[in-house]
Amino acid sequence: MQELTTIDPVAQATVVAGWAGGRNKKIFRVVTAFKGVPESSLEDAFILVCAEEERKDLDAILAVYLNLAPAGILISGYGAALSQGLIDQAEKNHIPLFVCSKRIEEQELKFALELVVNLVQNGKITSISEHYRIRQVTNLRMDLPALLNQLAEYLQNPAILVDSVFQILAQGGTERFWPADELGELVKSARLKIIQHKKNDLMLEKVYQQVIIFNNQNIIVSVKLLLWGNQLLGYLLVFDVAGQLNELDLCQISEVGLSCLQVLISRKNTEEIEKKYKDHFLYDLLYNNFESENALIKRGRYWGWEFGKPHRLLIVEPDDFKQLLNKDQILEQLQSSTTAFLKQHFRHVIISEMQDQIVVIIPGNDDEDKRIKQHLKSLAKLLQNAMQEILPTVTFSVGIGKFYSSVVDLCRSYQEAKYALDLGRFIQEKGHITHFEDLGVIRLLSHVSLDQLDEYYKEHLGVIIEYDEKNNTNYLETLQIYFQQNGDLNLIAEKLFMHSNTLRYRLKKIEELLDADLQKMESRVSLSVACKIVKMRKTNQ
């Protein structure tokens, strides 16, 4: 499409009537009004009227023109209000009526309008009236609600701006169609479709459309991705519920999307500066780099954090993070979705990215009891489910530290949460939720040297490891699953896809090779710990 500055003369005007019904009228010619112009030439034309030249007979001339079915009328150099009769006539006949107080030179406007007509003939656009607000809308760059309201009014359809995890940032025109409490469900319906959509390079550059189902109705949603380099900052969504959008409407959405993107980039830059100071403070907090508890509390109040009360801590981390390609984007989406989810439950939750992990600090109560452990696990599970909807191809694990009544002990809870996150994978693998207290004897292993760990597992399992290598068997895996399933033969056989009798024979063979009795507690403990060490060492290699 041609650069939009070519129609700036029209963009300077204000529409006063006839917009809703006449905005999609097609233009076949451009006519500058003058006395004696044939009336037949005004049908389907865009008419320029110079108010200074027609001042005495302006009302009468306009009344005639409004009955001739033009595509639109622009009154140039006119600062007064039009009569209500003319406005009513324009509305009744669905003729867009524009007014511009600045005098627009005939050749300037005619050149611009002729260019538009040429674009119409070449199938580039559909009507001049569709263009007039582009510059007005995009000039509202820093006021997102006004920007979205203008777009919604122009399109006669609701528009919603969301961030990269589909949290609503601004909206326009939605109140006509849905109550406020339904907007979240509407966006969720669109989100599921958009995430499933296979984007290619072409789709990234332009607005694309999808059909969603909401309240048992099919709704077309036009989607503009707001990309900054390779970083996705959000989406501009327009829902086609009041009238079908045309190609020019999609161009308008794209134009406004660029303005929204500029606002989001500006906000992001500001947030990045503030984040550096917050992260520096949280680093001091979690690594015990502060003078006193009073100093810590005072510094926290600057950010609105009340560290005079106890807090709970957990850490969220993507599984297989080193293998992921778009690490920065995933971490940002993880932090955004975590923030959006937890702020529905807590007013002053603290969320920060630290060492490729998301640290969550939640205010507690002075009377916390043992139920807090299960409560945090349940909360972590809900958080995992919420993130899975946003990033369905990535799994996340959660480590939870012990609860302490004093904020000065958050550094201890932080280290415990890190242990729970790392060592929990040796118990539950990917997508685990592990409290530090769940680690049992495993947490003692984190303080043992690697040489000692290697020596221990080779002493207890070296025989069957060597047997597996020579005979292409999987006795070590059988033993690991045996302990994972707490010795339940039915579950073990199901896991290994074998008959229970075959399993009994295999376990007997393992006991013979290791010279151990799996029914004795001492053997079970020694071999279970050795199996966990093997897994730990393989994971860290």
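The values are calculated or read from the model by the stated rules, or taken from the named source; none is laboratory data. Because the structure is predicted, anything quoted here is derived from the model rather than measured. All Cβ positions, glycine included, derive from the backbone under ideal geometry; neighbour counts span all protein chains shown. Accessible surface is based on the protein model in full, side chains and every heavy atom, while ligands, DNA and RNA are left aside. Shrake-Rupley method; radii C 1.70, N 1.55, O 1.52, S 1.80 Å.
Quick look at the numbers
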read-out	value
Percent carbon-and-sulfur accessible area, the stretch 186-340, ignoring ligands, DNA and RNA, probe 1.4 Å	47 percent
Inter-probe distance in nm under a simple model that places probes 7 Å from Cα toward Cβ, at D451 and N385	5.0 nm
Which of A17, V162, L421, positive extreme of dipole for the chain (C-beta unit charges)	L421
Test item: Cα-centred dipole of the chain, Lys/Arg +1 and Asp/Glu -1 on Cβ, debye	640 debye
Fully extended contour minus Cα-Cα distance, from D488 to S378, at 0.36 nm per residue	36.9 nm
Selected from Q480, N501, L461, residue furthest toward positive end of dipole (the stretch 404-541; charges at beta carbon)	N501
By average C-beta atoms within 10 angstrom, highest first, the peptides 278-290, 496-508	278-290, 496-508
Using a Förster distance of 60 Å, the FRET efficiency for Y505-F321 (Cβ separation, nearest 0.05)	0.90
Charge dipole of the chain about the Cα centre (unit charges at C-beta), most positive-ward option of A33, Q262, V221	V221
Accessible area per residue, Å², the stretch 342-440 with all protein chains present, probe 1.4 Å	46 Å²
Accessible surface ranking that places the most exposed of D181, D57 first, with a 1.4 angstrom probe	D181, D57
Spin-label model distance (nm) - E272 vs A20, 7 Å beyond Cα toward Cβ	4.4 nm
Mean residue ellipticity (222 nm) of the chain, computed from DSSP H runs ≥ 4 via -39,500 (n - 2.57), nearest 500	-15500 deg cm²/dmol
Gain in span if fully extended, D88 to S406, counting 0.36 nm per residue against the direct Cα distance	107.4 nm
Label-zone membership for the stretch 222-255, site S189, 7 angstrom Cα→C-beta point, backbone N under 17 Å	222-223, 237-244
Student exercise, the stretch 451-503 dipole from Lys, Arg, Asp, Glu Cβ charges, in Debye to nearest 20	280 debye
The stretch 171-310: relative contact order as a whole-number percent, Cα under 8 Å and 6+ apart	13 percent
Between 0 and 90°, nearest 10: helix 247-286 axis offset from the chain longest Cα axis	40 degrees
Extended-chain gain in nm, criterion 0.36 nm per residue less alpha-carbon gap, I220 and L513	98.9 nm
Ranked packing of 296-304, 395-403, 435-443, 41-49, most packed first, by mean Cβ within 10 Å	395-403, 41-49, 435-443, 296-304
Relative counts (whole %) of C-alpha pair distances in the chain, using bins that are 20 Å wide	18, 35, 26, 15, 6, 1
